[in-house]
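Enquirer: Shown below is the structure under consideration.
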Amino acid sequence: MELLEAIKTRRSIRHYEPTEVPKDVVTQILQLALNAPSAGNKQPWRIHAVHNATLRKHLCDAAGGQLFLMEAPWVICVVAVPEESAARYGERGRTLYCIQDTAALVTHIMLIARNFGLDTCWVGAFDEKKAGEILQLPVGQRCVAMIPLGYAAEPRKDRPRKPLNEIATFHE
Ligand SMILES: Cc1cc2nc3c(=O)[nH]c(=O)nc-3n(C[C@H](O)[C@H](O)[C@H](O)COP(=O)(O)O)c2cc1C
């Protein structure tokens, strides 16, 4: 699948087939996603790829019962390490760059997954403290996104976007 096709067909999927996704495929997706940019190439992130069903149940609970986190065979948790950004960029690194960097990583994972014929959904609504406990994160690390990864069990919905001319300004 070409990049533009992946971009055009990526949609949040909230129902997944029970079909397994081999660890090797997940590894390839994550390896490619590491090409994401980050401020000063600090890469202030960690990735927790969760296949364990009990852990996925806990993550689902932490996310207010978003059941598709249990349906999908994998949940990829993207974790920010603010102090790795702060070491070089101070407060701007701690509060802004590490969040932007991890957001870039999330979108890379989602689009690369699509390229492999897989689907995802960016999940940001969860209890961050509980997620940190479930993943046993060291103090200071922040789980910023959960990404269910698997085969879609629902049609892709075309969700409207604001017209470009409403949101873009060209300074020529
Ligand atoms: C920061 C962020 C947090 C989100 N959190 C959730 C979430 O907790 N649960 C969910 O079902 N979708 C969540 N979404 C997905 C959005 O609802 C979705 O991307 C948006 O409605 C556009 O639809 P599309 O992804 O199908 O294009 C989140 C997206 C972003 C970028």
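The values are calculated or read from the model by the stated rules, or taken from the named source; none is laboratory data. Please read these numbers as outputs of a predicted model, since none were measured by experiment. Backbone-built Cβ (ideal geometry, glycine too); neighbour counts: all protein chains shown.
Enquirer: Could you list, in sequence order, the residues of region 1-21 that are part of a loop (DSSP other than H, G, I, E, B), hydrophobic (A, V, I, L, M, F, W, C) and more than 12 Å from the ligand (Cβ to nearest atom)?
Expert: Listed by number, the residues that qualify are 1, 21.
Enquirer: Of all residues being away from the ligand (no atom under 14 Å from the Cβ) and part of a loop (DSSP other than H, G, I, E, B) in region 44-85, which is surrounded by the most Cβ atoms within 10 Å (Cβ to Cβ)? Just the residue, please.
Expert: Checking each candidate, the answer is 44.
Enquirer: Determine which member of the set 161, 114, 92, 88 is assigned to a helix (DSSP H, G or I), of a type in the set (D, E, K, R) and within 16 Å of the ligand (Cβ to nearest atom).
Expert: Exactly one residue qualifies, and that residue is 114.
Enquirer: Determine whether residue 145 is surrounded by 13 or more Cβ atoms within 10 Å (Cβ to Cβ), more than 11 Å from the ligand (Cβ to nearest atom) and of a type in the set (Gly, Ala, Ser).
Expert: no
Enquirer: Report yes if residue 119 is within 14 Å of the ligand (Cβ to nearest atom), of a type outside the set (A, V, I, L, M, F, W, C), crowded, with 21+ Cβ neighbours inside 10 Å and at pLDDT 95 or above, otherwise no.
Expert: yes
Enquirer: Still on this model: Can you confirm whether residue 35 is out of contact with any strand residue (DSSP E or B) (no Cβ under 9 Å at 6 or more places or on another chain), within 22 Å of residue 5 (Cα to Cα) and not hydrophobic (A, V, I, L, M, F, W, C)?
Expert: yes
Enquirer: Do we find that residue 132 is more than 14 Å from the ligand (Cβ to nearest atom), free of Cβ contacts under 8 Å to residues at least 60 places away in the same chain and either under 16 Å from residue 58 (Cβ atoms) or of a type in the set (Asp, Glu) (or both) in this structure?
Expert: Spelling it out, residue 132 is indeed more than 14 Å from the ligand (Cβ to nearest atom), free of Cβ contacts under 8 Å to residues at least 60 places away in the same chain and either under 16 Å from residue 58 (Cβ atoms) or of a type in the set (Asp, Glu) (or both).
Enquirer: Say we look at region 148-158 and pick out the residues that are more than 15 Å from residue 47 (Cβ to Cβ) and hydrophobic (A, V, I, L, M, F, W, C); which of these is surrounded by the most Cβ atoms within 10 Å (Cβ to Cβ)?
Expert: Among them, the one singled out is 152.
Enquirer: Hey, among the residues in region 22-43 that are outside any helix (DSSP H, G or I) and more than 16 Å from the ligand (Cβ to nearest atom), which one's nearest to the chain's Cα centre (by Cα)?
Expert: Just the residues of region 22-43 that are outside any helix (DSSP H, G or I), to begin with: 22, 34-38, 42-43.
Remaining after also requiring more than 16 Å from the ligand (Cβ to nearest atom): 22, 34-35, 37-38, 42-43.
On the way: 22: 18, 34: 12, 35: 14, 37: 15, 38: 15, 42: 18, 43: 15 Å.
Of everything passing the filter in region 22-43, 34 is nearest to the chain's Cα centre (by Cα).
Enquirer: Something else about it: Specify which of the listed residues (46, 56) is among the charged types (D, E, K, R) and touching a helix residue (DSSP H, G or I) at 6+ places or on another chain (Cβ under 8 Å).
Expert: The unique qualifying residue is 56.
Enquirer: So, one more: Looking at region 128-168, which of its residues are among the polar types (S, T, N, Q) and out of contact with any helix residue (DSSP H, G or I) (no Cβ under 9 Å at 6 or more places or on another chain)? I'd like the intermediate steps shown before the answer.
Expert: Restricting attention to region 128-168, the residues satisfying the condition of being among the polar types (S, T, N, Q) are 136, 141, 165.
The answer is 136, 165.
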